[in-house]
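All remarks here apply to the structure that follows.
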Amino acid sequence: MRGCPSQDKGGGLKIRWRRPAWVQIPPPAPIDSFSIYDLFKYDEGLIECLRRVYGKDFNDFLRSLTSPPRRYYIRVNTLRINPGDLLDLLRDKGFRVYVDEVIEEALYFVVEGPFKVPIVDEFVVVDKFAAESVYLGANVYAPGVLGLSSGVRKGCEVNIVSPKGVIVGYGVVVEEPDKVLERGRGILVKTLVSYYKAPKLHELEEYRLGYFYEQAYPSILTVRVLNPLPGEVIVDMCAAPGGKTTHIVELTKGKARVIAFDHSKKKLEKFRDNLRRLGLEEFVEVYRTDSRYLHLDYPWLKADKVLLDPPCTALGVIPKVHDEKRYIDVVNSREYQKQFIKSGYHILKPGGILVYSTCTVTIEENEEIIDFARKVGFKVIDVGFENVGSRGLEGYEFSDLVLRFHPHVHGTTGYFIALLKKT
Ligand code: SAH
């Protein structure tokens, strides 16, 4: 038996869950020993829908969802520090960090891996969110823990395993599990080897000082496409946790009127934390509301620019250690998104601009929404940025005007950006 001090009983698959008592999980195994169809439980309708987008590349697309972005990006809070100065501070700390070729306030680290993760007998099962963090090198914290194999105690070497049995890392248990789990916070396992490795930035002084915001590349690009200017009235319809709103404030140097809406109480709390950390609270008006009815509930709104980054099926978000979705989720999401488009149209001044973005790849939630927007009265304008990502899928009048990112092609989140003008 490998992995534990004075181990007396077998590890095995029977695991101790936090509650109730004992549950079975599939035998832990490395991610590449799973078939992609075991990891991605998509119904027939959704598979067809994705085949319409990716055709013969469908399997490449699906497999690529288990890889993280090739580059791990942060966006510099330019109201606090210059990109060059932050670059120097991080390099002085030993990080290999670079300036993006196109967006000067974007810095990136190269994600390392895949690594070979040692396999031991004991394991800790964590939820999907925690598994996807550990997969990139994070430690295991109490709230993410779902269960333990029978011999896990302080000092054990363990595998960290997703609820589907995918091994995402290997590490050592740093405290008696009962104590940590009882307390409900703190580190249970220090991760020593993870499948991939991204820098751990939250412990840095520079993070605490609000010098940067971690953000996927296409998300950073979205606000660049919006091109917010000082003096404008800018509405972010689905703003929390504020990744894009805070970028708008930074690019306009706090000199635009930025009005941010979101519906979720919990995410708005996270938004306020982010505004506080970045020192941008005074530059944003934040409201909790259902943004599908902004034109009715806030009849005074007259925006020059609107950012619409609505909820979506997030099929492009990477890495995923597993996923489960149905085609009906896509359809529901599309119908919901249409309602925001209408409300976005009403709150814009004539000639105003709306940027629509999603972190998903379906035609329903992207091209079909743009078709709908044209019927509502929007005209599609070129997003610019010729040398990044790809243009839209073929077969639409506006194919050459919109941007798409594909995980298996660009090594980024799967993403869509369109620029619309109210006519
Ligand atoms: N733009 C954000 C991410 C937005 S994710 C960023 O860059 O950080 C989509 C957001 O839409 C979520 O925060 C969710 O709470 C919000 N949302 C969902 N339904 C909504 C509704 N009906 N009205 C307003 N916000 C909504």
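The values are calculated or read from the model by the stated rules, or taken from the named source; none is laboratory data. Bear in mind that the values here come from a model prediction, so they are computed numbers and not experimental data. A quick note on method: Cβ atoms are made from the backbone with ideal geometry, for glycine too, and the neighbour counts reach across all protein chains shown. Accessible surface is based on the protein model in full, side chains and every heavy atom, while ligands, DNA and RNA are left aside. Shrake-Rupley method; radii C 1.70, N 1.55, O 1.52, S 1.80 Å.
Observations on the structure shown:
- Since only 37, 168, 99 are under comparison, the one whose Cα sits farthest along the positive direction of the charge dipole of the chain, derived from C-beta charges on Lys, Arg, Asp and Glu, is 168.
- Farthest towards the positive end of the charge dipole of the chain, among the residues 420, 181, 275, is the Cα of 181, using unit charges on the Cβ of Lys, Arg, Asp and Glu.
- Summed over the residues of the chain and divided among them, the accessible surface reaches 44 Å² per residue at a probe radius of 1.4 Å.
- Here the simple spin-label model places points 7 Å from the Cα toward Cβ, and for residue 51 and residue 204 these points are separated by 4.5 nm.
- Here the accessible area of the chain is 51 percent carbon and sulfur, with a 1.4 angstrom probe and all protein chains present.
- Helical runs assigned H by DSSP (4 residues or longer) give the chain a calculated mean residue ellipticity at 222 nm of -8000 deg cm²/dmol, each run adding -39500 (n - 2.57) before division by the residue total.
- As a calculated quantity, the FRET efficiency between residue 332 and residue 270 at R0 = 25 Å, using C-beta atoms, amounts to about 0.55.
- Backbone N under 16 Å from the residue 154 label point (7 Å along Cα→Cβ), restricted to region 171-213: 172-190
- Averaged over residues, the count of other Cβ atoms within 10 Å places the peptides 122-135, 327-340, 218-231 in the sequence 122-135, 218-231, 327-340, highest first.
- Pairs from 305/375; 265/320; 56/422 whose Cα-Cα separation, in the structure shown, is over 28 Å: 56/422
- Charge dipole (debye, nearest 20) of region 190-288; +1 at Cβ of Lys and Arg, -1 at Cβ of Asp and Glu: 280 debye
- Positive-pole candidate from 90, 148, 259, dipole of the chain, charges at beta carbon: 148
- Scanning the chain for cysteines with no neighbouring cysteine C-beta under 4.7 angstrom from their C-beta gives 49, 238, 312, 359.
- Antiparallel bridge percentage (DSSP; both residues within region 141-300; nearest 5): 55 percent
- Here the dipole of region 229-357 is about 40 debye; that uses its Cα centre as origin and unit charges on the Cβ of Lys and Arg (positive) and Asp and Glu (negative).
- Peptide packing for 41-49, 152-160 was compared via the average number of neighbouring C-beta atoms within 10 Å per residue; ordered from the highest value, the list is 152-160, 41-49.
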